[in-house]
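For reference, the structure is listed below as structure tokens.
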Amino acid sequence: MIGIQKLDRNGKMKIISSKRGFTKRGEMYSEEEFGKITIKPWQLFTDKQHLRDVVRDYCIQTGFSIIVEKANNKKWTVLCSDEGCGWRLHACRLSDGLTWIKNPMVTSKWAARVLLEDIRANNDIPAKSLNNYLWERYGVVMAPSTLYRMKSKAFVEIHGGFDESYAHLPNFCEIIKLTNPSSHAMCTWNSPTHPEKPFPFTSIFISFKASIDGLFSGCRSLIGVDGCHLKGNYGGVLLSAITLDGNYDIFPVAWVIVGSEDEESWMFFMHHLKNLLEPAGREDQWCIISDRQKGIDNSLSRLWLAAGRRYCYKHLSQNFKSKFNGPKMWNLFWLAYGAYSEFTFRKAMEAFQKTNPATRI
């Protein structure tokens, strides 16, 4: 037997019901003559071919055609061939290996409510475990995409929404400075574009006192800076400054969240980073290492011209390999990179000159 449900475009979700559920709610499809065929939730069919035959007759009777969106041994989803039409039908096979059905009452909102305490106890609980809870307690299983939406709703209930969290950032900065004296924490906002709208967030800079003291007392004057894109509702870019401690482990110094990785953002970061490092008394002994991002070079040339400049070998190697490919050139590059003496470096550069003079330009 097979059970189906017709869905509109806004009601899209995939939930496989248990045999216990369809025996209580489902009803066998009653054969109707052409012109009186109807399709409704919780109808059951003898097998998949029976379902497909009835759907074909229904489409011919109603005067529209369908296209198959998904078809396998467990699921069958079709939708109207007209792009402007939201008609959709989804069928799932049940645990008995024959019956397919879908429970229209099970939604991501309902699942978020019944699994709220499980998610609260473990925010990183995997989808497989959540599906096990749903199956053991309620006899239903949800698709991964639906579980993702459900967890998002549960997180809002537990931790609050993104809007609410961003509104707490000014207080967060004040708490940092109150509980960690001499720490650096500040956030910036733009003027609102509408009198009833809040100030839009632009950036936040944070460096804890412990990180500053550790940098001054136990780390070299080499600072690595880089950025990475953030995921989530609002996106943004995380810019960070790190160094190496006495054990050659990564030691975080400062970080900032900005809207995008451009020259203006790097100038904001470099301005505060330079002011942060001034009390060390090393003046122009600091050296900045990074990739070849133009915003970093431009901000340093405008704000911190005396700082030393180095480039990450990983990014240099990628750029070098794209222009000078081949094992010999690759070995010479690593020979020059790994040189610990002027003599070894000069020999590697001479080999570059003989092999391909263009590498010295």
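Things worth noting here:
- Search result, residues across segment 50-81 that are of a type in the set (Asp, Glu) and at pLDDT 85 or above: Glu69
- Once segment 99-150 is narrowed to residues that are of a type in the set (A, V, I, L, M), buried (at least 17 other Cβ atoms within 10 Å of the Cβ) and in a helix (DSSP H, G or I), the residue that is modelled with the lowest pLDDT is Leu134.
- Scope segment 247-276; condition at pLDDT below 90 and more than 27 Å from the chain's Cα centre (by Cα); matching residues: Asn247, Tyr248
- The strands (runs of 3 or more DSSP E) falling completely within segment 246-356 that include 1 or more residues that are among the polar types (S, T, N, Q) and touching a helix residue (DSSP H, G or I) at 6+ places or on another chain (Cβ under 9 Å) map to 287-290.
- Put simply, of Lys153, Lys177 the only residue that is within 20 Å of Tyr234 (Cα to Cα) and part of a helix (DSSP H, G or I) is Lys153.
- Test result for Glu278, touching a Gly at 6+ places or on another chain (Cβ under 6 Å) and either exposed (fewer than 11 other Cβ atoms within 10 Å of the Cβ) or closer than 30 Å to Val237 by Cβ (or both): no
- Pairs with Cβ under 7 Å, 6+ apart, first in segment 217-235 and part of a strand (DSSP E or B), second of a type in the set (Phe, Trp, Tyr): Ile223/Trp286
- In segment 286-324, the residue that is nearest to Ser240 (Cα to Cα) out of those that are among the polar types (S, T, N, Q), surrounded by 14 or more Cβ atoms within 10 Å (Cβ to Cβ) and at pLDDT below 85 is Gln293.
The values are calculated or read from the model by the stated rules, or taken from the named source; none is laboratory data. Predicted model, so just to flag it, every value in this text is computed and none were measured. Note that each Cβ is placed from the backbone with ideal geometry, even for glycine, and that neighbours are counted across all protein chains shown.
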